[in-house]
Amino acid sequence: MRAKLLAVVAVVAFASAVVVVASARTTANGLPTYTDGWQKWPRINKKPFTSTGPLSSAHSGVKNVYASKRQVGARYPNGTVIVKTIVKPGTKYVGEFATMRKVNGRWRYIEYERSSAATRYSLLAQGSLCQGCHVMAKSNDFVFTRR
């Protein structure tokens, strides 16, 4: 009985994760519409960076981070979207695109990738996989990059 209950919980958790991704409308390039206009948002890193501190292997490449809203004290307000663009080594286009969206006081993480500048982005990772690393930046509202 316990195994059946765990199986049901796993199926519900997976279905919930799929609903989160499926419920966000996407643009022609495969990114969610809530990221529209990210190129005009303030960049929160002073200059492009290639390392991520203790996780230098995560998101390898040249990175920039943008926020749709400014941090208030130590926290970002609800509705904030943070975008990290990653130009992978040996390329000249954004090949990975990581998002954080704050909903009801909690961050939702989704990361996308593409194989060329002409292809659509597809889902790479989301949820607890991302949260596992971002918990190390809890003191800065789970955002590694500081202005």
Can you pull out the residues in segment 28-56 that are over 16 Å from the mean Cα position of the chain (by Cα), modelled with pLDDT under 90 and part of a loop (DSSP other than H, G, I, E, B)?
Ala28, Thr50, Ser51, Ser56
Within the set of pairs 6 or more residues apart or between chains, which connect a residue that is at positive phi inside segment 92-110 to a residue that is surrounded by fewer than 21 Cβ atoms within 10 Å (Cβ to Cβ) and not small (Gly, Ala, Ser) with Cβ atoms less than 8 Å apart?
Asn104/Asn78; Gly105/Asn78
How many residues of segment 123-143 are small (Gly, Ala, Ser), under 10 Å from the mean Cα position of the chain (by Cα) and either modelled with pLDDT of 95 or more or not in a strand (DSSP E or B) (or both)? The answer is 1
Can you run down the residue pairs with Cβ atoms below 8 Å, 6 or more apart or on separate chains, where the first is in segment 27-40 and within 10 Å of Ser68 (Cβ to Cβ) and the partner is small (Gly, Ala, Ser) and at pLDDT below 95?
Tyr34/Ala24
Can you give me the number of residues within segment 88-122 that are in a strand (DSSP E or B) and over 17 Å from Ile44 (Cα atoms)?
13
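The values are calculated or read from the model by the stated rules, or taken from the named source; none is laboratory data. It should be emphasised that the depicted structure is a prediction, and the values quoted were computed from it without experimental measurement. So basically every Cβ, Gly included, is an ideal-geometry build from the backbone, and we count neighbours across all protein chains shown.
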